Amino acid sequence: MSEWKPTACILCECNCGLEVQLGGDDGRRLTKIRGDKAHPASRGYACEKPHRLDCYQRGRDRLLSPLRRREDGGFDEIDWDTAIREVASRLSHVRDTYGGESIFYYGGGGQGNHLPGAYAAATRRALGSRHRSNALAQEKTGEFWVSGRMLGAYTRGDFERCEVALFIGKNPWHSHSIPRARVTLKEIAGDPARTLIVVDPRRSETAAMADVHLQVRPGGDAWLLAALVAAIVDEDLLDRAFLAAHADGLEEVLAATRAIPIAAYCERAGVPEAQLRAVARRIGQARSVASFEDLGVQMNRHSTLVSYLHRLLWLLTGNFGKPGSQYIPTPIVSLADVGVGREERRTPVTGSRIIGGLTPCNVIADEILTDHPKRFRAMIVEAANPAHSLADSQRMRAALAALDTVVVIDVFMSETARLADYVLPAANQFEKAEATFFNFEFPHNYFHLRRPLLAAPPGPLPEAEIHARLCAALGAVTDEDLAPLREAARHGRRRYAEVFLPHLYADPRRAAIAPILLYKTLGPTLPAGLAEGAVLWGAAFQAVMSHGPSLARAGFGGAPGEATEALFSAMLERPSGFVFSVDAWSECFARVGTPGGRVQLALPDLLEALAALRSEPAAAIDGFPFVLSAGERRAFTANTILRDPTWRKKDLSGALRMSPDDAAQLGVRTGDTVRLTTKRGARMVVVEVSDTMHAGHVSLPNGMGVDYPDDDGARTITGVPPNELTATEDRDPFAGTPWHKHVAARIEAIRG
């Protein structure tokens, strides 16, 4: 029997610790998987999904050689030297002809695969590429924008200690996002002194165990939250001492909320006023409230306004900076710049707001297909699949075809890879050192650098190596840049630390390629298999300089150099992860990054949007009576790196869920086939009648519709690709996030 090796799940942001045994004829199968009890956050917990990760490891559409597109649309295998030389030449030509800003980057890691984003930054800088995006711009940028303006920082909720837990558009039973999600939910639901509240149009698994389910009408979340905030004000449930000590703009917010007709908004939201007021009192009178908004509202109408109202709800009731409430975590690496006081950037063609450095996903095609001198001309796609995952796949495919050059770096031959000019094969997540920067716990936060479980097969390279070769081919890295650091590294990390920063300062150009310098010089001195972790040495130094007291409480104190070495050594030496910071609750207030360090309650543009709700007509579209949620999390759905459909034990075809009343009106039953039509397209889909669904609301699962080779090599598609049915113009007016959870739809029964 092989030994148990520590690693982590790669299917959601929690990245729970796992232990794996390898087996099979070639020793490359993940034959047994269990939770890792030594992992500081998950502590042995794992849901059902990671137990099928061997389907990822043995994917049939694995890329094993660099590919170059032929004129007939097929691909030729080429060697790495040729691939790197030609890719660098093509991208350099675009840069020199149109400017580096015309080269767009999409991706940067994916779930639990974040180190490539750091190395890709060096390639982008070498090319002068300024514009980028990734999946966060489909989900979280509205929340980032609001949180940055109100608090100058990103916040999370303390569900382990809260008296009241509130989930808005969130089903953590399947979508997780909090450590040991199912254990935590059961603890809250089973404690009579605690209350679980869920806002969701569907009676999800989490809603079914909740004390209160506010079954909002699809798309009615803004009216519901506006009424809830107004009820807090109307019943004088504000924490006035907290607000006086920490917040500005209260009077403007009170004036706006007092104008809200609570009863009318409850009717619009489809929630009884008595139930809503009872929830307001429970929240307002609780010792502590932790809350979480997610894709059910963040990919829906009024998503940015909902993020604002959500924050008003817990700020007005004083649920910040105390156990069981919202907090500002200590990051190893900040994933998005949500600070205030910086110049607002816009995209070059559509003038769309760039939040956290990310271009809105729904405008990418317009930034390419518009006849504009500053349009994007080339695209690097890494560990991502925009041809499948972004709204309006038809238009995204047209945009990719219109580019001068498309380069894809991936593990598998994805839908996007098949549209590329060059495809560069990457080591998968179990064949290299890797980490996640989704570390949000409090007061004890953790970090986990994962070791490779096995070597990559011949052909694929870690992304760090791919970017190092690209930077060398672009002339961005020279022997003069590397030689002094290599010599210093031979004498240990203390000497390396003495040389590294002066070497960067001696030539400002080197700062742009620092990740590659670390990988090429420090990387070879690290323990076997951990070279890709070299970039974390810089991250450790930045964390020490930014959060010294928190790190010192976790045992990483002393002078900056000493603390950095201790922290980096822990990354290398603790294969199941470790606690790197211990915070005091009072530090949350010191981390409020607004001018003056006070919470800003009044955001004028969003107060205007709040006022406009009163006169907004219903969103119904003639001929499309249903609201489709395109991308529901279910027990056997995951992100599309799990391409092999045999990993699913249930719901193999990805059924369309609908309510019994809707099914009766259509004359269909579970197992029947219907035609699902939106303004963008139509698909045949199998029905599942479910009493969990709100009337008029239907849903399709996420992760479906990828094509995958069968036993004979023919490519088949299982389920509906949701973004064949969504439209780029259906997006939030502030952040540009898509309305995937509110797609107007028509359903027709198939007779005969």
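Worth a mention:
- Ignoring lysines fewer than eight residues from K32 along the same chain, the ones with Cα atoms less than 26 angstrom from its Cα are K5, K49, K432, K649, K650.
- Backbone N atoms of region 729-749 closer than 11 Å to the 7 Å Cα→Cβ label point of Q665 belong to residues 747.
- Taking R69, R180, R202 and ordering them by how much accessible surface each has at a 1.4 Å probe, largest first, produces R69, R180, R202.
- S615 accessible area, assembled protein chains, probe 1.4 Å, Å²: 100
- Along the axis of the charge dipole computed for region 441-575 (Cβ charges of +1 for Lys and Arg, -1 for Asp and Glu, origin at the Cα centre), the listed residues H444, T478, A534 are led at the positive end by H444.
- A Cβ-based charge dipole, computed about the Cα centre of the chain with Lys and Arg at +1 and Asp and Glu at -1, lands at about 640 debye.
- Each residue of region 31-41 is assigned a 3J(HN,Hα), and the resulting list reads 7, 9, 9, 8, x, 8, 5, 7, 5, x, 9 Hz, derived from the Karplus form 6.51 cos²θ - 1.76 cosθ + 1.60 (θ = phi - 60°), x at Gly and Pro.
- Around the amide H of Q111, modelled in the peptide plane, lies no amide H under 5 Å away from a residue 5 or more places distant or on another chain.
- The phi-based Karplus calculation (6.51 cos²θ - 1.76 cosθ + 1.60; θ = phi - 60°) puts the 3J(HN,Hα) values of region 645-650 at x, 6, 5, 7, 9, 9 Hz, whole numbers, x for Gly and Pro.
- With the charge dipole of the chain set up from +1 on Lys and Arg Cβ and -1 on Asp and Glu Cβ about the Cα centre, the Cα lying farthest toward the positive end among the listed residues S102, G558, W739 is that of G558.
- In the chain, the DSSP-assigned H stretches of four residues or longer account for a calculated mean residue ellipticity at 222 nm of -9500 deg cm²/dmol, using -39500 (n - 2.57) per stretch and the full residue count as denominator.
- Region 579-734 - charge dipole about Cα centre, Lys and Arg +1 at Cβ, Asp and Glu -1, debye rounded to 20: 140
- Amide H partners (placed H, <5 Å) of E293, local residues excluded: I168
- S581 long-range amide H proximity, modeled H, under 5 Å: N445
- With an a/c value of 1.5 or above and a/b not larger than b/c for the gyration tensor axes a ≥ b ≥ c computed over the alpha-carbon atoms, region 616-752 is described as oblate.
- Between E573 and H93, the simple label model (points 7 Å from Cα in the Cβ direction) yields a spacing of 5.2 nm.
- Solvent-accessible area, 1.4 Å probe, carbon plus sulfur percent, for region 580-629: 60
- Residues R669, R346, ordered by accessible area of protein heavy atoms at a 1.4 angstrom probe radius and largest first, appear as R669, R346.
- Modelled FRET efficiency - R0 22 Å, R68 with A714, Cβ distances, 0.05 increments: 0.40
- Site pair D236 and E487 shows an inter-label distance of 7.6 nm when each label is modelled 7 Å from Cα along Cα→Cβ.
- Surface share of carbon and sulfur [accessible, 1.4 angstrom probe, percent] for region 197-327: 50
- Taking the protein heavy atoms of region 352-407 in the context of the full set of protein chains, the accessible area attributed to carbon and sulfur is 48 percent at 1.4 Å.
- Cβ-derived FRET efficiency at R0 51 Å, D691 paired with D479, nearest 0.05: 0.15
- Solvent exposure of the chain, expressed per residue, is 36 Å² of accessible area, with all protein chains present and a 1.4 angstrom probe.
- Cα gyration tensor, region 165-206 - rounded (a/c under 1.5), prolate or oblate: oblate
- Region 626-663 and region 361-433 have their alpha-carbon centroids 25 Å apart.
- Computed on protein heavy atoms with a 1.4 Å probe, the accessible areas place M693, M684 in the order M684, M693, largest first.
- Summing charges over all other residues whose Cβ lies under 9 Å from the Cβ of T594, with Lys and Arg as +1 and Asp and Glu as -1, gives +1.
- Cα gyration tensor, region 387-444 - rounded (a/c under 1.5), prolate or oblate: oblate
- A simple rule links phi to the HN-Hα coupling: the Karplus curve 6.51 cos²θ - 1.76 cosθ + 1.60 with θ = phi - 60°, which for region 204-215 gives 5, 4, 6, 4, 5, 9, 6, 6, 9, 10, 8, 7 Hz, with x for Gly and Pro.
- Peptides ranked, highest mean first, by Cβ atoms within 10 Å: ranges 11-18, 710-717, 452-459: 11-18, 452-459, 710-717
- Farthest toward positive dipole pole in region 602-694 [+1 Lys/Arg, -1 Asp/Glu at C-beta], among F626, L610, V668: V668
- Multiplying the residue separation of R34 and S653 by 0.36 nm and subtracting their alpha-carbon distance yields 220.1 nm.
- One entry in [x] 0.94; [y] 1.08; [z] 1.00 is Cα Rg over 2.2 N^0.38 Å calculated from the shown coordinates; its label is [x].
The values are calculated or read from the model by the stated rules, or taken from the named source; none is laboratory data. Keep in mind the model is a prediction, meaning the values are calculated, not measured. Every residue, glycine as well, gets a Cβ built from its backbone with ideal geometry; the counts of neighbours run over all protein chains shown. Surface areas here come from the heavy atoms of the whole protein model, side chains and all, with no ligands, DNA or RNA. Shrake-Rupley method; radii C 1.70, N 1.55, O 1.52, S 1.80 Å.
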